């Protein structure tokens, strides 16, 4: 099984959302991407980690790799500092992508206890252009004080990564 894991945004070029403490989404995403990839490699998946500055290059790399699944990892941000929780996006409901999104969402909610914002559709380039089941995971709100604390904590990032990897393996075994 070939799986592309994309850490959203690009350290040094595109920080993504930035928390109140200065924590940058791109750095959190890079760490979680690496951890998810390592968990998946431990169960014999072939994994491509990709975190570059253009969406087209991300999708091109995934297609060239021949990915069977595509997972993009992000931290959410909002002007409303009270917004918090986890949500996972797919391009269309009723698809294999929705099934993958539900598996990942369920693992994160059950193991980290974040607010369940559900599985939703999203018109994101990486979801539209992937040629395999694809999801975008918004792990937590970096703009929310308590969610940012989760994202800043090394052990909690390990837990997020493990939950994402378990969600992928749940999908593969369904």
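Each value in this text was obtained by applying a stated rule to the coordinates, not by laboratory testing. None of these values were measured; they are calculated from a predicted model. Positions of Cβ are backbone-derived with ideal geometry, glycine not excepted, and every protein chain shown enters the neighbour counts.
Listing for the model above:
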read-out	value
Cα shape, segment 96-172, gyration tensor, a/c 1.5 rule	prolate
DSSP beta bridges in the chain [antiparallel fraction, %, rounded to 5]	20 percent
Helix axis angle, 55-65 relative to the chain longest principal axis, alpha carbon, degrees	40 degrees
Candidates 145, 25, 98, ranked by Gaussian network fluctuation over the chain, Cα under 10 Å, top entry	145
Listed candidates [x] 18.1, 65; [y] 26.4, 95; [z] 14.4, 41 - label of the one calculated as Rg and Dmax of the Cα atoms in Å	[z]
Residue 172-residue 44 pseudo-label distance in nm [points 7 Å out on the Cα-to-Cβ vector]	1.0 nm
